[in-house]
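Worksheet: one structure, shown below.
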Amino acid sequence: MIKDMDKPERSKSLLRFAAPQMFYPLAGRLAPWFAAAAVIFVGIGIWLGFFVAPTDAQQGEVYRVIYIHVAAAWMSMFVYLLMAFWSAVGLVMNTRLSFIMAQALAPTGAMFCFVALWTGALWGKPTWGAYWVWDARLTSQLLLLFLYLGFMALTRAIEDPRRADKAGAIIALVGAINVPIIYFSVKWWNTLHQGASVSLNKAPSMATTMLVGMLVMAIAAWAYTIAITLWRVRSLILERERHTEWVAAELNALEGKV
Amino acid sequence: MQWESWSAFWDMGGFAAFVWGSYGVTALLVVGELILVMRRRRDTVRRLLRLRRATAAGVNGRRAFEEIVE
């Protein structure tokens, strides 16, 4: 604590990025680095997953769907929690940028949620004999997709941005209850879906190269999410702040270039 | 190396449709999202530039434009 108090300039310098005007250029500078990291990690992940990791003894080659399925499923849950976090920050601190962040995250979260369901269906058919079953894991993940779509539809349908922000924040916060339900569904109910592939208190149930490939793909999903969200948030910020001096200056700089 | 040949790789032990169906759709969605985000950026900047020109043309021009935008 004392250490923190010694450096008030530093915390100040980080907090100033809560202002859209400061965050906009920062997002523009950071996004390409995260995009590059995503490309590199996807490359490594695919190489590990397809050329280093062995064939699964029970499932054969179809298990290789795991490298996107798990990364996408984790990301879809985490992005929703992030949306709920930014919504809570927005409601408590009344910071515009927090709500904008939540809205910038939603389409990517929805995309990953769909990918988790899609790859799960394609994996389920050869291993369970069905593309879809109404078990607790699958059903709660489908509900997550509807929560994303509901959030996006609601925030876009309400014209007044302040009201749209608040309404979206409420969906994000209430819907967040679904995330632990998804995560623990395989423990709480008897599901067809297998249990957690990775847990902190027991040894992984898969070969090390499989596990590493999966984690690398998860890092890639992270980097991609950060990059695309930073790019998307820049458009949202410009729209929201269009009556300000700094956006006028930014438009001057962009005139004739777009 | 896990594969005898490239054709064995593409065959995925007979599960080609499931494995490549997963990776293919994911790749399409990611590329599609990137295109949408880039296009949104371009459209936003263009719209705001048009809005500003309309504002410069006068209050009536601006009101008409806000109606088009929203």
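Where a number appears in this text, it was derived from the coordinates with a stated rule and is not lab data. From a predicted model like this one, the values you see are computed outputs, not experimental measurements. Using ideal geometry, Cβ is built from the backbone for each residue, glycine included, and neighbour counts are taken over all protein chains shown.
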>> Using the basic label-point model (7 angstrom from Cα toward the beta carbon), what is the A:Glu239 to A:Ala19 distance in nanometres?
In response: 2.4
>> Counting only other chains, and only Cβ atoms inside 10 Å, what mean value do you get across the residues of A:238-244?
In response: 3
>> Run the simple label-point estimate for A:Trp246 and A:Leu26 please: 7 Å along Cα→C-beta, distance reported in nm.
In response: 1.0
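Given chain A, what count of lysine pairs have C-alpha atoms under 29 Å apart, with each pair 8 or more places apart or on different chains? Walk me through the numbers on the way to the answer.
Numbers: A:Lys3/A:Lys12; A:Lys12/A:Lys166; A:Lys125/A:Lys187; A:Lys125/A:Lys202; A:Lys187/A:Lys202.
Step by step, the pairs that qualify in chain A add up to 5.
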> What does the protein assembly as shown give for Rg and for Dmax, in Å, if only its C-alpha atoms count?
Replying inline: 22.6, 73
> How much length is gained if the chain between A:Ala121 and A:Gln194 is pulled fully straight, taking 0.36 nm per residue apart and subtracting their Cα-Cα distance, in nm to one decimal?
Replying inline: 24.9 nm
>> Give me the one-decimal Kirkwood hydrodynamic radius in Å for the stretch A:42-89, with the sum taken over alpha-carbon pairs.
In response: 12.6
>> Students often get this wrong: which residues of the stretch A:22-65 have the backbone nitrogen under 16 Å from the point 7 angstrom along Cα-to-C-beta of B:Trp3?
In response: A:43-56, A:61-65
> By how many degrees, 0 to 90 and rounded to 10, does the Cα axis of helix A:66-93 deviate from the longest principal axis of chain A?
Replying inline: 30
> So what's the angle, to the nearest 10 degrees on a 0 to 90 scale, between helix A:161-175 and the longest Cα principal axis of chain A?
Replying inline: 30
> Given only helices, namely DSSP H runs of n ≥ 4 each adding -39500 (n - 2.57), what is the per-residue ellipticity at 222 nm of chain A, to the nearest 500 deg cm²/dmol?
Replying inline: -25500 deg cm²/dmol
> How big is the Rg/Rh ratio for the stretch A:52-120, C-alpha atoms only, Rh by Kirkwood, two decimals?
Replying inline: 1.22
>> Please compute the modelled spin-label separation between A:Tyr131 and A:Asp160, points set 7 Å along Cα→Cβ, answer in nm with one decimal.
In response: 4.4
>> Taking 30 Å as R0, compute the FRET efficiency from the Cβ-Cβ separation of B:Ala17 and A:Leu142 and round it to 0.05.
In response: 0.85
> In vacuo Debye scattering of the stretch A:168-258, one point per C-alpha: log10 I(q)/I(0) at q = 0.20 Å⁻¹?
Replying inline: -1.14
> Looking only at A:Ile171, A:Ile40, A:Ile100, which one moves most when chain A is put into a Gaussian network model with springs between Cα atoms under 10 Å?
Replying inline: A:Ile40
